[in-house]
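Notes to accompany the following structure.
Read-outs throughout are calculated quantities, based only on the coordinates presented, and are distinct from any laboratory measurement. Please read all numbers here as calculations on a predicted model, not as lab measurements. Methodologically, a virtual Cβ is constructed for each residue, glycine included, from the backbone with ideal geometry; neighbour enumeration extends over all protein chains shown.
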Amino acid sequence: MDKSIDNFDDSLSLNEACERIENMDIRGAGRIARAVAVALKNHTAAFKGDSVRALSEHVRSGARKLLATRPTAVSLANALRYIVRGMDAMDAISVDEMRAKVMDLADGFHQRSLKAMDTIADIGAERIRDGDTILTHCNSTTALGIILKAHSEGKNIRVIATESRPRHQGYITSSALAEAGVPVELIVDSAVRYFMPEVDIVIMGADTISANGSVVNKIGTSQVALIAHEARVPVIIAAETYKFSPETLLGRLVEIEEREPQEVVDTRKLPGVRIRNPAFDATPKEYIDAVVTEVGMIPPTAAYNVIVEQFGPTIPIQQLLKEGE
Ligand code: RUB
């Protein structure tokens, strides 16, 4: 993949990134992680002080602001973790050297993210056969990468995309597919069971995968997976390894973001009614056939191994970013 899949450029500032992630102009777990890396790089470049300790604190304080923008996608925390741990591992060096190396780490994460999506597209496309009908939910660039790869290989495929209430990310998915020449049909979320008999494979993305193999993704993902399971349709999750959560190894639960009621309905029309708007849900591993990562197609039960191999000993992100660490 190249940078054109993102809706921000190399000049993205820390404040701009925070604002655009919060208001969901920059959204989707992978894109959020890449935006955070670019913003932290620019924040690092702007450091004017003269001590390594002050630079370390400058990077950490920027990272804390970025961390506070959206709670569920662990990719955000993992991008910060990658950069800050790399910074902490540096031997005593000058401010200039450290600044340059932190910026390299941010670039490294960015490149790694784009490359991971290519590898996932290659691996995932192997599972798509000529003539398949694929169902996808919400808008996952990683899942879309697989579908577009299969299409570019000349496979004759058809996609059913859910609308994904309340923010309608399905519009983004369906128009991207239509633009690429992939036959696509948009359905309301509640029509998934109606159409499942026509579906050969379900492909969705992930915001976070926990150590027990549960996949946290856009609200409704677990219903899609349950319906697919009932119909014996395989469910594939496309997720880079930085979407696995090291903190779940420490017993922490993934925080599910609940957004404003106004996204669901004009609340003035329903006085006295409490509107609930969770943005994500968790799908248990039993309803997932495989997770496609850049290190291979794995069962969800292999999440523990991925976390240990990719992240080593777990330090909670809040501790890693604490002042004076
Ligand atoms: C987006 C969503 C996507 C994942 C994976 O939710 O649930 O499926 O983030 O996306 P939101 P990607 O719109 O609330 O951010 O594969 O692009 O990382």
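Brief remarks follow.
- The chain: relative contact order in percent, alpha carbon pairs under 8 Å with at least 6 residues between: 18 percent
- Theoretical FRET efficiency, 1/(1+(r/R0)^6), r = Cβ-Cβ of residue 275 and residue 310, R0 51 Å, to 0.05: 0.85
- Modelled FRET efficiency - R0 45 Å, residue 88 with residue 194, Cβ distances, 0.05 increments: 0.30
- Per residue, the chain reaches -13500 deg cm²/dmol at 222 nm when only DSSP H runs of four or more residues are counted, each adding -39500 (n - 2.57).
- Charge dipole magnitude, Cβ of K and R +1, D and E -1 - the chain, Cα centre, debye nearest 20: 600 debye
- Dipole of the range 8-133 [Lys/Arg +1, Asp/Glu -1 at C-beta], most positive-end residue of 30, 54, 103: 54
- About the Cα centre, charge dipole magnitude for the range 105-168 (Lys/Arg +1, Asp/Glu -1 at Cβ), debye: 200 debye
- Extension gain (nm, one decimal) between residue 50 and residue 10, 0.36 nm per residue minus Cα-Cα: 11.9 nm
- Net length available on complete extension from residue 301 to residue 175 is 42.0 nm, with 0.36 nm assigned per residue and the Cα-Cα distance removed.
- Of 155/285; 48/322; 155/218; 41/285; 3/243, those spanning more than 24 Å from alpha-carbon to alpha-carbon: 155/285; 155/218; 41/285
- Remark: C-alpha extents of the range 155-223 on the principal axes read 38, 26, 24 Å, sorted largest to smallest.
- Length added when fully stretched, residue 265-residue 25, from 0.36 nm per residue minus Cα-Cα: 84.4 nm
- Percent of beta bridges antiparallel (DSSP, the chain, rounded to nearest 5): 35 percent
- Given R0 = 41 Å, the distance between the Cβ atoms of residue 95 and residue 256 translates into a calculated FRET efficiency of 0.50.
- Separation in nanometres of the label points that stand 7 Å from Cα toward Cβ, at residue 230 and residue 325: 4.4 nm
- Options 226, 250, 264, ranked by Cα towards positive dipole end of the range 212-325, top entry (Cβ charges): 264
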